[in-house]
Every structure is written in structure tokens, then in C-alpha cells.
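**Student:** Pasting a structure here, questions to come.
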Amino acid sequence: MNQTHDDASVHHTRGDPLECYGEWSAQAQGASLLLVDFTLEQYWLPGAPSIELTALYCRDGKRTGVSVTDRQLNKLDMTPVSLYYHWAGEHAFTVVFLGDPLPLCPQQVAKPWGQEIWYTGVESRAVCGLGDASGMSPIPWVQAVMPGQAVGQPGQPLV
């Protein structure tokens, strides 16, 4: 894993988010933050265009927060945990903690008779997400970075 910041508690690399998380998780101690730049093919869109994303993993000593964003993250002089929450607020992405329930953000899809309400849909017409009033992240993005089976396999429907 390539560390690009001088602060030993903030690690920044490029690669497969889940592989990088596995390496970092085995070594990280105390408060620590891992950023992993990666490319995601948007399989739900025609032509499956690629998008550049950054996975964020923040360990505060007790819990691990997982997030993903398409925004540029500017390093500030803050602790890793404070920096993580600052970015979450600044860029309105969701923070999901490993082992916690996942908050679904439904999408309303207009129909001639009214609307459909989707909770886990991923299509070119709409993409559901995870989050709350403070931020939302599309389900396929979270699937690409979430360790374990909490949101299913990347690229596969939740139901």
C-alpha cells in the first residue's frame, strides 16, 4: 500500500478497495484513515461508463466507518477521525459503520398512474442509495467498498 501523506495515521493509495482494506485493517492501530482511489464501471448505465471514486475507511479505535465519494478530498490539518467527518459533511456522503443497520434511501420513479417507490433499485432510470438527511451514497458505490456481505456482492442486485 502506498502512503502518500506524511501523517502515518492517514494512508492514501490506489487499487482494489476491498484488498487495500484487508491489508490496512490487519495493520491499523488506533485512530486511522484509509483512502483508496479506484475506478468503477457503472454497469447499470448504457455503455457502462467508468467513474473515478475514493473509498474511505475510518477506524476510531472502536468502530470502522465506510464511505465512498466522487469528490476531491483536500487534506486539512485535522485528526483522521475529524477529517473523515469533515469530508462527510462537506461532500454529503453517507457514513456506514461495519455491523450497523444500513439506512435505505428510496427513489420515486414517475409512472402514468402515479409513481413507483424503489428501495433497492439500480437501473439507468434511477439508482437507490444508502444514507440519511445528512448524506447519500449510491448502492453500487457502497457495494464496491463495503467489506463482508452487508450490501451483497458488487455488481449484483440486493434482492
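The values are calculated or read from the model by the stated rules, or taken from the named source; none is laboratory data. None of these values were measured; they are calculated from a predicted model. Glycine also receives a Cβ, built like all others from the backbone with ideal geometry; neighbour counts cover every protein chain displayed. For the accessible areas, the whole protein counts, side chains as well, though only heavy atoms, and no ligand, DNA or RNA atoms are used. Shrake-Rupley method; radii C 1.70, N 1.55, O 1.52, S 1.80 Å.
**Student:** Within segment 22-55, count every residue that is crowded, with 22+ Cβ neighbours inside 10 Å, in contact (Cβ under 8 Å) with a residue 40 or more places away in the chain and farther than 23 Å from Thr120 by Cβ.
**Tutor:** Residues in segment 22-55 being crowded, with 22+ Cβ neighbours inside 10 Å, in contact (Cβ under 8 Å) with a residue 40 or more places away in the chain and farther than 23 Å from Thr120 by Cβ: 3 in total.
**Student:** Something else about it: In segment 93-117, which residues are open to solvent by 30 Å² or more (accessible area, probe 1.4 Å) and over 25 Å from Ser25 (Cα atoms)?
**Tutor:** The answer is Leu104, Pro106, Gln107, Gln108, Ala110, Lys111, Pro112, Trp113, Gly114, Gln115, Glu116, Ile117.
**Student:** Scan the strands (runs of 3 or more DSSP E) fully inside segment 85-139 and keep the ones with 2 or more residues being of a type in the set (Gly, Ala, Ser).
**Tutor:** On the way: elements: 107-111, 114-118, 129-132, 135-138.
Answer list for segment 85-139: 129-132, 135-138.
**Student:** Among residues belonging to segment 1-21 that are open to solvent by less than 50 Å² (accessible area, probe 1.4 Å) and assigned to a loop (DSSP other than H, G, I, E, B), point out the one that is modelled with the highest pLDDT.
**Tutor:** Of the residues in segment 1-21, the ones open to solvent by less than 50 Å² (accessible area, probe 1.4 Å) are 5, 9-13, 15, 17, 20-21.
Filter once more, keeping what is assigned to a loop (DSSP other than H, G, I, E, B): 5, 9, 15.
Values: His5: 43, Ser9: 84, Gly15: 97.
Only one residue tops the list, namely Gly15.
**Student:** What is the residue count in segment 127-159 for residues that are open to solvent by less than 60 Å² (accessible area, probe 1.4 Å) and at pLDDT 80 or above? Write out each step before concluding.
**Tutor:** The first filter runs over segment 127-159 and keeps only residues open to solvent by less than 60 Å² (accessible area, probe 1.4 Å), leaving 127-131, 135, 137-148, 151-152, 155.
Keeping just the survivors that are at pLDDT 80 or above gives 127-131, 135, 137-148.
Number of matching residues: 18.
**Student:** What is the number of the single condition among (1) of a type outside the set (A, V, I, L, M); (2) open to solvent by 60 Å² or more (accessible area, probe 1.4 Å); (3) in contact (Cβ under 8 Å) with a residue 40 or more places away in the chain that Asp77 does not meet?
**Tutor:** Condition not satisfied by Asp77: (3).
**Student:** So Ser124 fits all but one of (1) touching a Leu at 6+ places or on another chain (Cβ under 9 Å); (2) open to solvent by 50 Å² or more (accessible area, probe 1.4 Å); (3) within 20 Å of Thr64 (Cα to Cα); (4) of a type in the set (Ser, Thr, Tyr); what number is the exception?
**Tutor:** Ser124 satisfies all of (1) touching a Leu at 6+ places or on another chain (Cβ under 9 Å); (2) open to solvent by 50 Å² or more (accessible area, probe 1.4 Å); (3) within 20 Å of Thr64 (Cα to Cα); (4) of a type in the set (Ser, Thr, Tyr) except (3).
**Student:** Another question, then. Among the numbered criteria (1) over 12 Å from the mean Cα position of the chain (by Cα); (2) open to solvent by less than 40 Å² (accessible area, probe 1.4 Å), which one does Gly65 miss?
**Tutor:** (1)
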